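*Asks:* Shown below is the structure under consideration.
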Amino acid sequence: MYPLLFHLIFRRMDPEKAHHLAFSWIRLAARTPVLRTFAAAVLAPRHTALRTEALGLRMHGPFGLAAGFDKNATGIDGMAMLGFDHVEIGTVTAQPQPGNPKRRLFRLVADRGLINRMGFNNEGSAAVAARLAARRPVFRTAVGVNIGKTKVVPEGEAVADYVTSTERLAPHADYLVVNVSSPNTPGLRNLQAVDQLKPLLTAVREAADRTVTGRRVPLLVKIAPDLADEDVDAVADLAVELGLDGVIATNTTIARDGLGLASPSRLTAETGGLSGAPLKARSLEVLRRLYARVGDRLTLVGVGGIETADDVWERILAGATLVQGYSGFIYRGPFWCREIHRGLAARLAASPYATLAEAVGADAHKENA
Ligand SMILES: Cc1cc2nc3c(=O)[nH]c(=O)nc-3n(C[C@H](O)[C@H](O)[C@H](O)COP(=O)(O)O)c2cc1C
């Protein structure tokens, strides 16, 4: 059914318009009691075997929605209704901003990928914080809040910009993510260099602790797949040194070479970050490297090119406690989470592991045995 809908309607539309249309349907369904109960029963049946504890949070499963889909926190219940076990909203910046000129999102259908140069279009952290504060959740789901730098703020003032967003948003976040890895804000990825990242993460940690009393908001950093391997190690070491809770690997890639892209070059040549199937191998490689470096000292979140339950299982064995997806949803539609949960439960049942937690990093443990 969904492939037909995709080919007949969405594929003929501008990808960003298709996103807004589909997202408005999802939100509408989530606001309609009978519809949302029915949709959740069909799309998000729970498998007790998949229950996951991560970052001090209890979740129905390990599979969540990656940042960028719900930038302004307008559809958390809708995405939970579709079966996502956690929803990461954002990226949110301190000041509202329109993002880059349109067109800025492209489908590489032959590659099951996307290229985007959205540029953090969002309503700003004050508006998003107010929305989160007013939210009356219908479905229980963990909400991650992903923050980034306002485009017009100079790199030298980035720390203060992130701190402003932290102060506003940390009280509403089940976990907080410092995004320093989107390719579409000039200079942002320079913040991944350890000498820049250390003061930034330290300041965000302090701001979160200052603002939120009575609980410690878990803090993660999201990294690019384009980092050199030594830089991945350096960020991992820094995360451990600073007592961070986790690392999200990875964001989109600016690489095109060596990915064997089948789409026309007028598309693959578009500026922006590439996501989806072509990103799979490198994201997995970065995750494996992180796990080899830090083991269970950090919670690792695997994202990039997830399409099937087998992909999720592979990330878990490679060291991910949580896994996220975005592009796969565009190509696979509303039954995606259901398929992933079913397949994952079957994988776990057929494995030697009693729980998902036991399976985390099993590949690396085998190698070391
Ligand atoms: C249209 C689009 C917008 C995105 N926006 C953000 C964003 O605002 N912040 C962020 O951290 N990642 C963003 N991402 C990256 C995703 O969260 C994810 O890391 C990446 O797409 C790889 O996962 P995937 O292959 O499952 O899509 C975006 C991705 C896409 C396709």
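The values are calculated or read from the model by the stated rules, or taken from the named source; none is laboratory data. Every value quoted in this text rests on a predicted model; they were computed, and no experiment measured them. Methodologically, a virtual Cβ is constructed for each residue, glycine included, from the backbone with ideal geometry; neighbour enumeration extends over all protein chains shown. Only protein heavy atoms, including side chains, enter the accessible area calculation; ligands, DNA and RNA are left aside. Shrake-Rupley method; radii C 1.70, N 1.55, O 1.52, S 1.80 Å.
*Asks:* Helix-only estimate, please: 222 nm mean residue ellipticity of the chain, summing -39500 (n - 2.57) across DSSP H runs of length 4 or more and dividing by its residues, to the nearest 500.
*Replies:* -12500 deg cm²/dmol
*Asks:* For ARG11, project a label point 7 Å along Cα to C-beta. Then give me every residue of the range 273-305 with its amide nitrogen under 12 Å of that point.
*Replies:* Answer for this model: none.
*Asks:* Then there is this: How would you order 234-243, 319-328, 122-131, 35-44 from highest to lowest mean count of nearby Cβ atoms within 10 Å?
*Replies:* 319-328, 122-131, 234-243, 35-44
*Asks:* Additional query: Roughly how many percent of the accessible protein surface of the range 219-343 is carbon and sulfur, given a 1.4 Å probe and a whole-percent answer?
*Replies:* Ligands and nucleic acids excluded, carbon and sulfur give 49 percent.
*Asks:* If you place +1 on the Cβ of every Lys and Arg and -1 on the Cβ of every Asp and Glu, how big does the dipole about the Cα centre of the range 109-216 come out, in debye to the nearest 20?
*Replies:* 440 debye
*Asks:* Further question on the same structure: Using the per-residue mean of other Cβ atoms lying within 10 Å as a proxy for protection, in what order, highest first, do the peptides 156-163, 329-336 fall?
*Replies:* My ranking of the peptides, most packed first, is 329-336, 156-163.
*Asks:* Please sort 261-272, 200-211 by packing, taking for each peptide the average over its residues of neighbouring beta carbons within 10 angstrom, highest first.
*Replies:* By packing density, highest mean first, the sequence is 200-211, 261-272.
*Asks:* Probe of 1.4 angstrom, ligands and nucleic acids ignored: what's the accessible area per residue over the chain, in square angstrom?
*Replies:* 41 Å²
*Asks:* Also: Where the only charges are on Cβ atoms (+1 Lys, Arg; -1 Asp, Glu), what is the dipole of the range 1-94 about its Cα centre, to the nearest 20 debye?
*Replies:* 240 debye
*Asks:* Using the Karplus curve 6.51 cos²θ - 1.76 cosθ + 1.60 with θ = phi - 60°, what ³J(HN,Hα) values do you get for each residue of the range 262-274, in whole Hz, with x for Gly and Pro?
*Replies:* 9, 6, x, 5, 4, 8, 5, 7, 4, 6, x, x, 9
*Asks:* Now a separate question. Would you mind checking which residues have amide H under 5 Å from SER263's amide H? H placed 1.01 Å from N; only 5 or more apart, or other chain.
*Replies:* Residues meeting the criterion, in which the H sits 1.01 Å from N, are ASP111.
*Asks:* Could I ask something else about it? Would you work out which of ALA292, ALA22, ALA80 lies farthest towards the positive end of the dipole of the chain? Charges go on Cβ: Lys and Arg +1, Asp and Glu -1.
*Replies:* Working it through, the farthest residue towards the positive pole turns out to be ALA22.
*Asks:* Could you estimate the translational diffusion coefficient of the range 311-369 from the Stokes-Einstein equation, with Rh from the Kirkwood formula over C-alpha pairs, at 25 °C and 0.890 mPa s, in whole µm²/s?
*Replies:* In µm²/s, the coefficient is 200.
*Asks:* Need the full-extension length gain, LEU57 to GLU241, defined as separation in residues times 0.36 nm minus the C-alpha distance. One decimal, nm.
*Replies:* Separation in residues times 0.36 nm, less the Cα-Cα distance, equals 64.0 nm.
*Asks:* Please work out the C-alpha center-to-center distance from the range 60-137 to the range 239-257 and express it in whole Å.
*Replies:* Between the Cα centre of the range 60-137 and that of the range 239-257, the gap is 18 Å.
*Asks:* Then there is this: With charges only on Cβ, +1 for K and R and -1 for D and E, what is the dipole size of the range 2-368 about its Cα centre, in debye, rounded to 20?
*Replies:* The calculated dipole for the range 2-368 is roughly 1500 debye.
*Asks:* So how far, in whole Å, is the C-alpha centre of the range 187-238 from the one of the range 333-369?
*Replies:* 28 Å
*Asks:* Here is a follow-up. D for the range 117-202, whole µm²/s, Stokes-Einstein with Kirkwood Rh over alpha-carbon pairs at 25 °C and 0.890 mPa s: what number?
*Replies:* After rounding, the answer is 178 µm²/s.
*Asks:* Restricting the count to DSSP beta bridges whose residues both fall in the chain, what percent are antiparallel, rounded to a multiple of 5?
*Replies:* 30 percent
*Asks:* Taking amide hydrogens as modeled 1.01 Å from N in the peptide plane, which residues meet the under 5 Å criterion relative to ALA142, leaving out close sequence neighbours?
*Replies:* Those qualifying (amide H under 5 Å, at least 5 residues apart or on another chain) are VAL87.
*Asks:* Hey, another quick one. Could you check the spin-label model distance between VAL152 and ALA357? Points 7 Å from the Cα along Cα→Cβ, value in nm.
*Replies:* Distance between label points: 4.8 nm.
*Asks:* Name the shape class, rounded, prolate or oblate, that the alpha-carbon gyration tensor gives for the range 128-280, where a ≥ b ≥ c are the square roots of its eigenvalues, rounded holds for a/c under 1.5, and otherwise prolate holds if a/b is larger than b/c and oblate otherwise.
*Replies:* It comes out prolate by the Cα gyration axes.
*Asks:* Further question on the same structure: In nm, what is the difference between 0.36 nm times the number of residues separating ARG215 and ALA369 and their Cα-Cα distance?
*Replies:* Gain in length upon complete extension: 51.7 nm.
*Asks:* Quick one: compute the contact order of the chain, relative version, from alpha carbon pairs under 8 angstrom and 6+ residues apart, as a percent.
*Replies:* 17 percent
*Asks:* For ARG103, put the label point 7 Å out on the Cα→Cβ axis and report which residues of the range 256-284 keep their amide N under 13 Å from it.
*Replies:* 264-271
*Asks:* Continuing with this model, one more query. Would the chain count as rounded, prolate or oblate if I go by the C-alpha gyration tensor, calling it rounded below 1.5 in a/c and otherwise prolate when a/b exceeds b/c, oblate otherwise?
*Replies:* Since a/c stays below 1.5, the shape of the chain is classed as rounded.
*Asks:* How would you classify the range 181-270 from its alpha-carbon gyration tensor, with a ≥ b ≥ c the square roots of the eigenvalues: rounded for a/c under 1.5, else prolate if a/b is greater than b/c, otherwise oblate?
*Replies:* In terms of gyration-tensor shape, prolate.
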